[in-house]
C-alpha cells in the first residue's frame, strides 16, 4: 500500500485514458479507476504545478464521475496549505465504479504531503501519458 498519493496509468485509446488514483494517510485509504478525457492528465499535473504559490494557495479539480449510473470512478482533489510555512495537504474524495451489495464504495480523507516532492510528482505525471504501468507518487508527510 502506498503512503501518500499515487496515480498509475492503466489504459488508453484515441478518446480516453484510464488511471488509478490511490491515496493513504496512515489511517484511511482508497482507490478508484477513473476515465479521463484527453488532456485531463495534464490538468492534474497543472493542479500540482508550482504549488504552493503562497500560504493561501488553494486549488481543486474533479475528474471522472461521481454518478453511479455512469462507467468509471471519480476523484476530487483539493490542494491547500496547512500552515503559513507552506505545508501541503491534499483533500481526496474517491468513488469506485464497483458497488458491494448495492452500495457505492467511496472514501474522503486528507493526506499531508511532502511539499518539496511536488515538482517531482508533476514531472512524473508529465512523462506518463501513453505508458501503461507508469506511476507518479507523492509521499505523505511523516510526523
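Taken together, the values in this text are just the output of simple stated rules run on the coordinates, not laboratory data. Predicted model only: the values in this text are computed from it and were never measured. Every residue, glycine among them, receives a Cβ derived from its backbone with ideal geometry; neighbour counts consider all protein chains shown.
Scale the Cα Rg of the stretch 21-79 by the rule-of-thumb value 2.2 N^0.38 Å and send over the ratio, two decimals.
1.26
With only alpha-carbon atoms in the gyration tensor, what are the semi-axes of the equivalent ellipsoid for the chain, in Å, largest first?
24, 18, 13
At 222 nm, what value in deg cm²/dmol follows for the chain if DSSP H runs of at least 4 each add -39500 (n - 2.57) and the sum is divided by all its residues, to the nearest 500?
The helix contribution divided over the chain gives -4000 deg cm²/dmol.
By how many degrees, 0 to 90 and rounded to 10, does the Cα axis of helix 118-127 deviate from the longest principal axis of the chain?
With both axes taken from Cα atoms, the answer is about 30 degrees.
Please compute the contact order of the stretch 4-139 in relative form: average sequence separation of alpha-carbon pairs under 8 Å and at least six residues apart, divided by the residue count, as a percent.
It comes to 27 percent, rounded to a whole number.
Between residue 119 and residue 3, what FRET efficiency follows from the Cβ-Cβ distance if R0 is 25 Å, with the result rounded to 0.05?
Once rounded, the FRET efficiency stands at 0.80.
For the stretch 59-128, report the translational diffusion coefficient in µm²/s to the nearest whole number, using Stokes-Einstein at 20 °C, 1.002 mPa s, and a Kirkwood Rh over Cα pairs.
It diffuses with D of about 156 µm²/s by this estimate.
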